[in-house]
Amino acid sequence: MTPKWLSAFLLAVSACTQEPAGLQPATITVEVTEVGRTDPEVELSLRVKNTGQVPVHFEGCPNVPSVVLEGLADIGWQEVGSVNLYCIAILSHRREVLKPGASFQTRLAVVNRGLLRIRVLYGFDPAAPYAEAQVSQVIQVD
(Lines give C-alpha, C1' and ligand atoms only; values in the text may rest on other atoms or scores of the structure.)
Protein backbone atom coordinates (compact mmCIF):
# COMPACT_ATOMS: atom_id res chain seq x y z
CA MET A 1 0.00 0.00 0.00
CA THR A 2 1.43 3.40 -0.94
CA PRO A 3 1.68 6.17 1.63
CA LYS A 4 -1.05 8.13 -0.20
CA TRP A 5 -3.52 5.21 0.03
CA LEU A 6 -2.53 4.45 3.61
CA SER A 7 -3.25 8.06 4.63
CA ALA A 8 -6.65 7.97 2.92
CA PHE A 9 -7.47 4.63 4.56
CA LEU A 10 -6.51 5.86 8.06
CA LEU A 11 -8.53 9.05 7.55
CA ALA A 12 -11.61 7.02 6.55
CA VAL A 13 -11.25 4.69 9.55
CA SER A 14 -10.89 7.68 11.88
CA ALA A 15 -14.04 9.30 10.49
CA CYS A 16 -16.03 6.10 10.98
CA THR A 17 -15.05 5.67 14.62
CA GLN A 18 -15.73 9.22 15.85
CA GLU A 19 -18.98 10.19 17.55
CA PRO A 20 -21.45 12.25 15.53
CA ALA A 21 -20.62 15.96 15.72
CA GLY A 22 -24.23 17.02 16.32
CA LEU A 23 -24.71 15.26 19.69
CA GLN A 24 -22.62 16.54 22.57
CA PRO A 25 -22.26 14.39 25.69
CA ALA A 26 -24.17 15.44 28.76
CA THR A 27 -22.42 17.24 31.54
CA ILE A 28 -23.55 18.48 34.90
CA THR A 29 -22.43 21.28 37.15
CA VAL A 30 -22.22 20.81 40.89
CA GLU A 31 -22.34 23.80 43.19
CA VAL A 32 -22.30 23.95 46.99
CA THR A 33 -24.69 26.82 47.71
CA GLU A 34 -24.68 26.80 51.52
CA VAL A 35 -22.81 25.31 54.44
CA GLY A 36 -24.82 25.00 57.68
CA ARG A 37 -23.84 23.56 61.02
CA THR A 38 -25.84 21.15 63.16
CA ASP A 39 -23.16 19.63 65.43
CA PRO A 40 -21.65 17.12 64.99
CA GLU A 41 -22.74 17.22 61.33
CA VAL A 42 -22.38 19.86 58.68
CA GLU A 43 -25.27 20.30 56.26
CA LEU A 44 -24.33 21.15 52.68
CA SER A 45 -26.85 22.52 50.20
CA LEU A 46 -26.00 21.25 46.76
CA ARG A 47 -27.33 22.35 43.36
CA VAL A 48 -26.91 19.98 40.40
CA LYS A 49 -27.67 21.23 36.88
CA ASN A 50 -27.68 19.36 33.56
CA THR A 51 -25.75 21.64 31.21
CA GLY A 52 -25.60 19.07 28.42
CA GLN A 53 -27.89 18.22 25.54
CA VAL A 54 -29.11 14.80 26.68
CA PRO A 55 -30.80 13.55 29.88
CA VAL A 56 -28.63 12.25 32.71
CA HIS A 57 -29.58 9.51 35.17
CA PHE A 58 -29.05 9.48 38.94
CA GLU A 59 -29.50 6.76 41.51
CA GLY A 60 -29.19 6.91 45.28
CA CYS A 61 -30.39 5.49 48.53
CA PRO A 62 -32.45 6.79 50.18
CA ASN A 63 -32.14 9.96 48.04
CA VAL A 64 -30.37 11.12 44.90
CA PRO A 65 -27.68 11.88 44.01
CA SER A 66 -25.04 9.42 45.16
CA VAL A 67 -21.95 11.36 46.13
CA VAL A 68 -18.42 10.63 47.25
CA LEU A 69 -16.73 13.11 49.58
CA GLU A 70 -13.06 13.75 48.97
CA GLY A 71 -10.66 15.42 51.37
CA LEU A 72 -7.30 16.96 50.61
CA ALA A 73 -4.45 15.01 52.20
CA ASP A 74 -0.66 15.23 51.88
CA ILE A 75 -0.76 12.83 48.91
CA GLY A 76 -3.68 14.52 47.13
CA TRP A 77 -7.45 14.06 47.06
CA GLN A 78 -8.63 10.98 48.96
CA GLU A 79 -12.10 9.52 49.48
CA VAL A 80 -13.26 10.31 53.02
CA GLY A 81 -16.91 9.29 52.88
CA SER A 82 -20.04 8.87 50.81
CA VAL A 83 -23.71 9.85 50.95
CA ASN A 84 -26.65 8.01 49.33
CA LEU A 85 -24.33 5.44 47.81
CA TYR A 86 -25.16 2.33 49.83
CA CYS A 87 -28.56 0.97 50.82
CA ILE A 88 -29.62 -1.08 53.81
CA ALA A 89 -31.90 -4.05 53.09
CA ILE A 90 -35.19 -2.41 54.08
CA LEU A 91 -34.70 0.54 51.69
CA SER A 92 -34.65 0.63 47.92
CA HIS A 93 -32.70 2.78 45.50
CA ARG A 94 -34.35 5.86 44.08
CA ARG A 95 -33.80 6.85 40.44
CA GLU A 96 -34.22 10.21 38.75
CA VAL A 97 -33.67 11.62 35.28
CA LEU A 98 -32.49 15.19 34.85
CA LYS A 99 -33.44 16.68 31.48
CA PRO A 100 -31.17 19.14 29.66
CA GLY A 101 -31.27 22.56 31.32
CA ALA A 102 -33.03 21.25 34.45
CA SER A 103 -31.58 21.35 37.96
CA PHE A 104 -32.35 20.19 41.47
CA GLN A 105 -31.30 21.13 45.01
CA THR A 106 -30.52 18.69 47.76
CA ARG A 107 -29.01 18.70 51.24
CA LEU A 108 -26.25 16.42 52.46
CA ALA A 109 -25.26 15.80 56.07
CA VAL A 110 -21.53 15.14 56.49
CA VAL A 111 -19.23 14.74 59.48
CA ASN A 112 -15.93 15.44 57.70
CA ARG A 113 -13.91 18.61 58.20
CA GLY A 114 -11.16 20.36 56.25
CA LEU A 115 -10.83 21.06 52.54
CA LEU A 116 -13.53 19.00 50.82
CA ARG A 117 -14.99 18.50 47.40
CA ILE A 118 -18.03 16.50 46.34
CA ARG A 119 -17.98 14.01 43.47
CA VAL A 120 -21.55 13.51 42.15
CA LEU A 121 -22.14 10.21 40.31
CA TYR A 122 -24.42 10.05 37.26
CA GLY A 123 -24.77 8.27 33.94
CA PHE A 124 -26.00 8.69 30.39
CA ASP A 125 -27.70 5.28 30.47
CA PRO A 126 -30.32 4.28 33.08
CA ALA A 127 -28.53 0.94 33.44
CA ALA A 128 -25.27 2.70 34.44
CA PRO A 129 -26.15 5.60 36.78
CA TYR A 130 -22.64 5.61 38.37
CA ALA A 131 -20.60 5.62 35.14
CA GLU A 132 -19.68 9.31 35.22
CA ALA A 133 -18.73 11.80 37.90
CA GLN A 134 -18.56 15.56 38.26
CA VAL A 135 -16.67 17.31 41.04
CA SER A 136 -17.78 20.44 42.91
CA GLN A 137 -15.60 23.38 43.76
CA VAL A 138 -13.40 23.02 46.84
CA ILE A 139 -14.97 24.14 50.12
CA GLN A 140 -13.52 24.64 53.60
CA VAL A 141 -15.52 22.96 56.35
CA ASP A 142 -14.40 23.80 59.90
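Multiply the residue separation of Gln137 and Leu115 by 0.36 nm, subtract the distance between their alpha-carbon atoms, and state the gained length in nm to one decimal.
Contour length minus the Cα-Cα distance gives 6.9 nm.
Solvent-accessible area of Asp125, probe 1.4 Å, all protein chains present, reported in Å² to the nearest ten, please.
Surface open to solvent at Asp125 totals about 80 Å².
Could you give the length gained by full extension between Glu43 and His93, i.e. 0.36 nm per residue of separation minus their alpha carbon distance, to one decimal place?
15.8 nm
Once you treat every alpha carbon in segment 35-142 as an equal point and sum by Debye, what is log10 I(q)/I(0) at q = 0.11, 0.15 Å⁻¹?
-0.35, -0.65
Taking the solvent-accessible surface of protein heavy atoms with a 1.4 Å probe, what is the per residue accessible area of segment 42-85 in Å²?
Here the per-residue accessible area is 39 Å².
Near Gly36, within a Cβ-to-Cβ distance under 15 Å, what is the net charge of the other residues, with Lys and Arg +1 and Asp and Glu -1? Don't skip to the answer; put the middle values down first.
On the way: positive: Arg37, Arg47, Arg107, Arg113; negative: Glu34, Asp39, Glu41, Glu43, Asp142.
After counting each charged neighbour, the total is -1.
Over all directions, average the projected area of the Cα convex hull of segment 76-133 and note it in nm².
It is 5.7 nm².
Quick one: net charge around Gln134, please, counting Lys, Arg +1 and Asp, Glu -1 for every other residue with C-beta under 14 Å from its C-beta.
Net charge around Gln134: +1.
Ala127 versus Ser82, label points 7 Å from Cα toward the beta carbon: distance in nm?
2.2
Tally Lys and Arg at +1 and Asp and Glu at -1 over the other residues with C-beta under 11 Å from the C-beta of Ala102: what net charge comes out? Walk me through the intermediate numbers first.
Working: positive: Lys49, Lys99; negative: Glu96.
Neighbourhood net charge equals +1.
The values are calculated or read from the model by the stated rules, or taken from the named source; none is laboratory data. Being a predicted model, the structure only gives us computed values, none of them experimental. Counting neighbours? That spans all protein chains shown, and the Cβs are built from the backbone with ideal geometry, glycine included. Surface accessibility is based on the protein's heavy atoms, side chains included, excluding ligands, DNA and RNA. Shrake-Rupley method; radii C 1.70, N 1.55, O 1.52, S 1.80 Å.
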